[in-house]
Amino acid sequence: MVSPISECLYCQHLPVLDELMIKIADLGVSQLFLFKEQSHPGRCNVVYKDHGVELHELSEEQRNAFFADVARIGKAIAAAFSPDKINYGAFADTLSHLHMHIVPKYKGGYNFGGVIEMNPKKTYLSDSEYAETIEKIKKNL
């Protein structure tokens, strides 16, 4: 079931979006956000431009463009933060907006070897630390 566009935090830029994430950049067919919760340093979200789209509904061209954005961010995160592994996840049980979580994982770090928690509410940064993190990502885009 598709959730209405009027309830979409991405399309409507609902206040909860600013509580959870900081917009970094517009990409080819998506937008890039940094999660404010940084238990996984460098964790981002790549959000497709259109509402109500499932991955399998994209044309080959749209899908390739979206995955090009995802891969570009993965490469930037790898260069900026040198994680041991990057996990990619597309979760959206109640929100009909295609997006991909980019989750850098570090040996000995939070939840390495386990499934990510969506929002563990453990690690937040100062404004200057968010700015520094965003700059590292932008530098590697």
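The values are calculated or read from the model by the stated rules, or taken from the named source; none is laboratory data. Note that the coordinates shown come from a computational prediction; the quantities given were computed from them, not determined experimentally. Backbone-built Cβ (ideal geometry, glycine too); neighbour counts: all protein chains shown.
Checked against (1) within 21 Å of F67 (Cα to Cα); (2) of a type outside the set (S, T, Y); (3) surrounded by fewer than 18 Cβ atoms within 10 Å (Cβ to Cβ); (4) in contact with a strand residue (DSSP E or B) (Cβ under 7 Å, 6 or more places away or on another chain), F112 meets all criteria but (1). Scanning the range 8-36 for residues that are in contact (Cβ under 8 Å) with a residue 40 or more places away in the chain, outside any strand (DSSP E or B) and more than 22 Å from K121 (Cβ to Cβ) turns up C8, C11, L27, G28, V29. Taken over the range 51-91, the criterion of being in a loop (DSSP other than H, G, I, E, B) and closer than 20 Å to I116 by Cβ is satisfied by S82, P83, D84, A90, F91. On the stretch given as the range 1-41, residues that are more than 16 Å from M100 (Cα to Cα) and in contact with a His (Cβ under 6 Å, 6 or more places away or on another chain) total 1.
Residue by residue through the range 67-84, note down the ones that are buried (at least 17 other Cβ atoms within 10 Å of the Cβ) and of a type in the set (D, E). Matches in the range 67-84: D69 only. Could you check, for the range 37-53, whether at least one of its residues is without any contact (Cβ under 8 Å) to a residue 40 or more places away in the chain, among the small types (G, A, S) and surrounded by fewer than 18 Cβ atoms within 10 Å (Cβ to Cβ)? Looking through the range 37-53, none of the residues is without any contact (Cβ under 8 Å) to a residue 40 or more places away in the chain, among the small types (G, A, S) and surrounded by fewer than 18 Cβ atoms within 10 Å (Cβ to Cβ).
Per-residue answers, yes or no, for (1) modelled with pLDDT of 95 or more; (2) under 28 Å from R63 (Cβ atoms):
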{"residue": "A92", "(1), (2)": "no, yes"}
{"residue": "L95", "(1), (2)": "no, yes"}
{"residue": "M100", "(1), (2)": "yes, yes"}
{"residue": "V103", "(1), (2)": "yes, yes"}
{"residue": "N111", "(1), (2)": "no, no"}
{"residue": "P120", "(1), (2)": "no, no"}
{"residue": "N140", "(1), (2)": "yes, yes"}
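Pairs meeting the criteria (first residue in the range 64-86 and in contact (Cβ under 8 Å) with a residue 12 or more places away in the chain, second residue surrounded by fewer than 13 Cβ atoms within 10 Å (Cβ to Cβ) and not in a helix (DSSP H, G or I), beta carbons under 7 Å, at least 6 apart or on different chains) are A65/G28; A68/G28; D69/G28; D84/K107.
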